[in-house]
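The block underneath contains the structure these notes are about, expressed in structure tokens.
Please treat every number below as a calculation from the coordinates, not as lab data. Quick caveat, the model's predicted, so the values are computed rather than measured. As a convention, Cβ positions derive from the backbone with ideal geometry for all residues, glycine included, and neighbour counts pool all protein chains shown.
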Amino acid sequence: MNKILLIIQREYLTRVRKKTFIISTILFPLLYLALIFGMSYLGAKSISNLSVAVVDSSGYFNKGQFERANIADSSLVMTLLNENPDSLKENYKSEGYDGFVIIPASQNWEKGIPNVSFRADKKFGTSAISQLENRLNFLWADIKNEKLGIDENKKLIISTSRVSVVSEDLKGKASNEKVASTIGFVAGFLIYLILLIYGSQVMMGVMEEKTNRIAEVIVSSVKPFQLMLGMIIGIGLVALTQFLLWVAFIFIIYNITKASGSKSEMMGNMVGQIQNTFTNLNIPFILFFFAFYFLGGFFFYASLYAAIGSAVNEDMREAQSLSFPITMLVIISIAMMSISINNPTGPVAVWGSIIPFSSPIIMMTRIPFGVPGTVPWWQLALSMSLLIGGFIFTVWLSGKIYRTGILMYGKKPSWKEMIKWALRKN
């Protein structure tokens, strides 16, 4: 046991003291924040006002309609003109318009307006077309109400009489599926990244020690299985340390935002929305299971990556080729995640959260929806038990591969060869 602890200490301190660890730990949250606010800023800057001229051949629309709509939403300015479409085609840019709409003649208002043409010398994308379509449908609804004899009071009643569905549990406690989906997606995606990044680090670490012949020195005093287990736990603790530091950074940023919220109305509203969002969520409960599935998933996959690292030599292409099936299991899990978020009680979500190779990601997408409501206790217990059993099995199996592969040089192994090593009785 003392030997394993020494290996864990060596692997942990060696990696934590590296400049790359310190830089990545500090830069990741800063880059993440810069990405969020930067994309929001660029998105706001990229929104441009669209000015559109309208030629109405149907005779149903009037200038007052467009003027009132423009006041309500200035991002799309539509102006009704009495011009010939052919002359407008030549002059619309010189008159300050981005494009023009031609509303065709309609013989009977009850049949509606057929397809409307928007013409411009460049493409504006689907969002602009959708905005134009929504505006014209809104104005056409006013015309239909007028034709049907519906006055302003009745139109107000029709527009404000809407059914709003609020999700609650049997005790009347409000739940928010959007928040649960967001948290589930973020948790699942974080585990996905950690499995790929740190799993590969385990493989690279084993390859490095094998190439440098460090493993030959170490295995003279410890068993190969102990060496592999110490490396996995040591690198796992590095990943956990980095994650906890990121969580600490998030809380610091949140508290700074909260403190400055009293000085800024906008920031105060943002903080208020964040507080309301997490009011009905059991954050310690979610964080506990995140830590469990993070560590369980890491140990499950890291042992497989370690086995591959022990089998290959210096050829990275060979390592990537052998690790591809394992990487595909992680990618399949992330593909199943979107299905599980949309239907957390469906068969894909249930079985995906129980099977060890996908449970670290899929179960974390289900837990924010509620335990035991969405995730029964028996499913959670079975998932955790199978993940622990799967980790023990993969460590045992990979240990047998590791024991042979770590001292083998100059031979390109295959999965068939590695399976023989695993099944060998010794």
Under 5 Å from the placed amide H of Val77, counting only residues 5+ away or on other chains, we find Leu50, Ser51, Val52
When ranked by the protection proxy of mean other Cβ atoms within 10 Å per residue, highest first, what sequence do the peptides 135-147, 12-24 form? 135-147, 12-24
Simple spin-label estimate for Ser130 and Ser87 in nanometres, 7 Å along Cα-Cβ: 3.7
How far is it, in nm, from the label point at Ala335 to the one at Met316 when both lie 7 Å from their Cα along the line to the Cβ? 2.6
Principal axes first, then extents: for the Cα atoms of region 49-155, list largest minus smallest coordinate on each axis, whole Å, largest first. 41, 29, 23
³J(HN,Hα) across region 392-401 via Karplus (A = 6.51, B = -1.76, C = 1.60, θ = phi - 60°), whole Hz, x for Gly/Pro? 4, 5, 5, 5, 5, 5, 5, x, 5, 5
Ordered by residue, what ³J(HN,Hα) values in Hz, to whole numbers, does region 86-94 give under the Karplus form 6.51 cos²θ - 1.76 cosθ + 1.60, where θ = phi - 60° and Gly and Pro are x? 5, 6, 5, 4, 8, 10, 4, 6, 5
Calculated FRET value between Ile22 and Ile197, using beta carbons and R₀ = 22 Å, to 0.05: 0.85
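Anything over 18 Å Cα to Cα? Flag those among Lys93/Lys123; Lys89/Lys122; Lys89/Lys144, in the order listed. The partial results should precede the final answer.
Details: Lys93/Lys123 14 Å; Lys89/Lys122 13 Å; Lys89/Lys144 30 Å.
From the list (Lys93/Lys123; Lys89/Lys122; Lys89/Lys144), the Cα-Cα distance tops 18 Å for Lys89/Lys144.
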Describe numerically, in nm with one decimal, the distance between label points set 7 Å from Cα along Cα→Cβ at Ile71 and at Glu417. 8.1
Scalar couplings 3J(HN,Hα) for region 58-74 by Karplus 6.51 cos²θ - 1.76 cosθ + 1.60 (θ = phi - 60°), nearest whole Hz, x for Gly and Pro, are 7, x, 8, 8, 9, 4, x, 4, 5, 5, 5, 5, 5, 5, 5, 9, 7
